[in-house]
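As structure tokens, the structure follows; a few thoughts come after it.
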Amino acid sequence: RAQNVRCSIGGTRYEVYVDGRMLFEVNLPMFGVHIAVNSLAAIAVALEVGVAPEIIKSALEKFGGVKRRLEIIGSARGVVVM
């Protein structure tokens, strides 16, 4: 579970608890409580398949987000690429 969820200019920070003990604190570079909740699912899957907590923490803290549908990538000669 996520505990002590805090959102700031630096992203979303919270403590990860498993079986009643704090596993680690993570600082996600994205904003919102929903981001913390979504990341818990990724943490649960990673732990289930045997990924070490320090690797999970590191990967989450480096995650830059996903590309969005209808995100403008660029344009050339009057054509917009999304």
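The values are calculated or read from the model by the stated rules, or taken from the named source; none is laboratory data. All values derive from a computational prediction rather than experimental measurement. Ligands, DNA and RNA are stripped out before the accessible areas are found, and what is left, the full protein with its side chains, is counted by its heavy atoms. Shrake-Rupley method; radii C 1.70, N 1.55, O 1.52, S 1.80 Å.
Laid out as a table, the results:
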quantity: Surface per residue (accessible, 1.4 Å probe) for the chain, Å²; calculated: 72 Å²
quantity: ³J(HN,Hα) computed for each position of the stretch 9-19 - Karplus, 6.51 cos²θ - 1.76 cosθ + 1.60, integer Hz, glycine/proline x; calculated: 4, x, x, 10, 10, 7, 9, 9, 10, 10, 6
quantity: Placed amide H near Val18: partners under 5 Å, 5+ positions off or other chain; calculated: Leu23
quantity: Residue-averaged [θ]222 nm for the chain, counting only DSSP H segments that reach four residues, each worth -39500 (n - 2.57); calculated: -10000 deg cm²/dmol
quantity: Sequence-distant residues sharing a close amide H with Met30 (under 5 Å, placed H); calculated: Thr12
quantity: Calculated SAXS-style log₁₀ I(q)/I(0) at q = 0.15 Å⁻¹ - the stretch 14-61, Debye, Cα scatterers; calculated: -0.34
quantity: Phi-based couplings in Hz for the stretch 44-54 (Karplus 6.51, -1.76, 1.60; Gly and Pro marked x); calculated: 4, 5, 4, 5, 4, 8, x, 6, 5, x, 5
quantity: The chain: Cα Rg divided by the 2.2 N^0.38 Å rule of thumb; calculated: 1.38
quantity: The chain, accessible surface, carbon-and-sulfur percent (1.4 angstrom probe); calculated: 59 percent
